[in-house]
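Worksheet: one structure, shown below.
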Amino acid sequence: MKKYDIAIIGGGLFGRMAAWRLAQSGWKTVLYEASSPLGENSAAYVAAAMLAPLAEAIDATPLAVSLGYQSLTLWQQYLAQIGQPVFHQQNGSLMVWHTQDEPLAERFRRHLLRAHDGETVWQEWTQHEIAAQEPQLAGRFRKGLYLPQEGQLDNRQTLAALLAAAQQAGAECRFGEAADPETAREQVQWVLDCRGFAAKETWNARSQSRLRGIRGEVARVFAPEVSLNRPVRLLHPRYPLYICPKENHVFVIGATQLESEDGGAVSVRSSLELFSALYAVCPAFGEARVLETAVGLRPTLQHENPEIRCLPDTQTIEINGLFRHGFMIAPAVCETLLQGMNNLAAGKAFSDGMNKERQSMVTQI
């Protein structure tokens, strides 16, 4: 008799979420993660954890946007169940631009209209409304686009809370153990591979879709002189920027998305571009203290959608391709996984009874 029902390989955001939801649903679950409980080797540890389906709609796939909207509600439900405090803000986000970049704002509006079937999902803010809502941006921008509904989380608090919830639900979590699917299979019925970019060789051994890493660079700064009430994004032809205010005047700053699998430290040029754009948005950041700069490799498939592979012959499930949308879409992907695993437990096909959207994520090999 197998000791566990399912072994999860990879303890980043999705691995922890899956461990919690599966254990909560009665699956005997063990989680293996090569790094520490902090999850410092995961893309989620670096992420800004924005929940931004409106803003992402300009270039994300329709599936990712739909999953993002679903996950806004799911995150509220998840956090209520977890019970452990996590910084969660759903106060919308603000897009701003310099006067010379007005064409970028107009293009952004057109993209939003197209992605939302002609519906105006934003609010136009004048410079007076920007000043009233974000006093420290007063006088810096003539116009802004306010995107309601959007939100954010504290990424590291979320990782800790999901781990605690998984353990409380009965999942066994083994850190510092770099298990692979082959060895894990010896003591479980099913293996769930959630290693993200680290699974590239295994994933690409099959020809359906190709996994690659997209480099993202962020900085965390402490700026006691600055207060923002929501994430702010700068539309810029060369340095698009996001500023995410966390608790206690900590801000996560990011801009880059590079076609590179280099996980090395942030370059001098990237740092100059990042901090120059930040200072241009709000000069008060000039006195901020840089707490850290970090790099994450986002696991990305060529269609830029998440994918769930079911391999019945080896009783393996592989999940990958959440790209830069990990926090934004993970709950909706996780609920698809849970439905599929419950189907398997009932002797059905993984995608049995799923709607077309969920079925579109599933590949059976």
Exercise. Would you check which residues across segment 1-20 are under 14 Å from residue 183 (Cα atoms), open to solvent by less than 10 Å² (accessible area, probe 1.4 Å) and either in a helix (DSSP H, G or I) or not small (Gly, Ala, Ser) (or both) and list them?
Key: 6, 8, 9
Self-check item: Odd one out for residue 130, checked against (1) in a helix (DSSP H, G or I); (2) without any contact (Cβ under 8 Å) to a residue 40 or more places away in the chain; (3) open to solvent by 20 Å² or more (accessible area, probe 1.4 Å)
Solution: (3)
Quiz prompt | Residue list for segment 202-222, filter: open to solvent by 20 Å² or more (accessible area, probe 1.4 Å), farther than 30 Å from residue 246 by Cβ and in contact with a strand residue (DSSP E or B) (Cβ under 9 Å, 6 or more places away or on another chain) | solution = 202, 204, 206, 208, 210
Quiz item: Any residue in segment 84-100 that is in a helix (DSSP H, G or I), within 27 Å of residue 239 (Cα to Cα), open to solvent by 70 Å² or more (accessible area, probe 1.4 Å) and in contact (Cβ under 8 Å) with a residue 12 or more places away in the chain?
Solution: yes
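In this structure, does residue 60 turn out to be touching a His at 6+ places or on another chain (Cβ under 7 Å) and surrounded by 16 or more Cβ atoms within 10 Å (Cβ to Cβ)?
Values: touching a His at 6+ places or on another chain (Cβ under 7 Å): yes; surrounded by 16 or more Cβ atoms within 10 Å (Cβ to Cβ): yes.
The answer is yes for residue 60.
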Practice problem: Filter segment 314-326 down to residues that are outside any strand (DSSP E or B) and closer than 18 Å to residue 345 by Cβ and give me whichever is most open to solvent (accessible area, probe 1.4 Å). | Solution: 315
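On the given criteria, is residue 329 part of a strand (DSSP E or B), modelled with pLDDT of 95 or more and not basic (Lys, Arg)?
no
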Exercise. Specify the residue that is farthest from the chain's Cα centre (by Cα); the eligible residues are those in segment 229-244 that are open to solvent by less than 40 Å² (accessible area, probe 1.4 Å) and more than 18 Å from residue 98 (Cβ to Cβ).
Key: 230
Exercise. Would you mind telling me which numbered condition in (1) more than 30 Å from residue 6 (Cα to Cα); (2) open to solvent by 70 Å² or more (accessible area, probe 1.4 Å); (3) not charged (D, E, K, R) residue 189 fails?
Key: (1)
Quiz prompt | Residue that is least open to solvent (accessible area, probe 1.4 Å) [pool: residues in segment 327-365 that are within 21 Å of the chain's Cα centre (by Cα) and among the acidic types (Asp, Glu)] | solution = 335
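Quick grid of which residues meet (1) closer than 16 Å to residue 56 by Cβ; (2) at pLDDT 95 or above; (3) within 24 Å of the chain's Cα centre (by Cα); (4) aliphatic (A, V, I, L, M):
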position	(1), (2), (3), (4)
72	yes, yes, yes, yes
81	no, yes, yes, no
84	no, no, yes, no
95	yes, yes, yes, yes
112	yes, no, yes, yes
Quiz item: Taking segment 48-60 only, how many residues are modelled with pLDDT of 95 or more and assigned to a loop (DSSP other than H, G, I, E, B)?
Solution: 3
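Do you know which of the residues in segment 279-308 that are in a helix (DSSP H, G or I), of a type outside the set (Gly, Ala, Ser) and touching a residue at least 40 places away in the same chain (Cβ under 8 Å) is most open to solvent (accessible area, probe 1.4 Å)?
So, considering only residues that are in a helix (DSSP H, G or I), of a type outside the set (Gly, Ala, Ser) and touching a residue at least 40 places away in the same chain (Cβ under 8 Å), the one most open to solvent (accessible area, probe 1.4 Å) is 287.
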Self-check item: Lone qualifier among 178, 165, 161, 198 - being closer than 30 Å to residue 365 by Cβ and either in contact with a Cys (Cβ under 6 Å, 6 or more places away or on another chain) or part of a helix (DSSP H, G or I) (or both)
Solution: 198
Quiz item: Taking the stated definitions as given, is residue 140 basic (Lys, Arg), assigned to a loop (DSSP other than H, G, I, E, B) and either at pLDDT below 95 or over 30 Å from residue 22 (Cβ atoms) (or both)?
Solution: yes
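The values are calculated or read from the model by the stated rules, or taken from the named source; none is laboratory data. It should be emphasised that the depicted structure is a prediction, and the values quoted were computed from it without experimental measurement. We place every Cβ from the backbone using ideal geometry, glycine too, and count neighbours over all the protein chains shown. When the accessible area is computed, the model is the full protein with side chains, heavy atoms only, and any ligands, DNA or RNA have been set aside. Shrake-Rupley method; radii C 1.70, N 1.55, O 1.52, S 1.80 Å.
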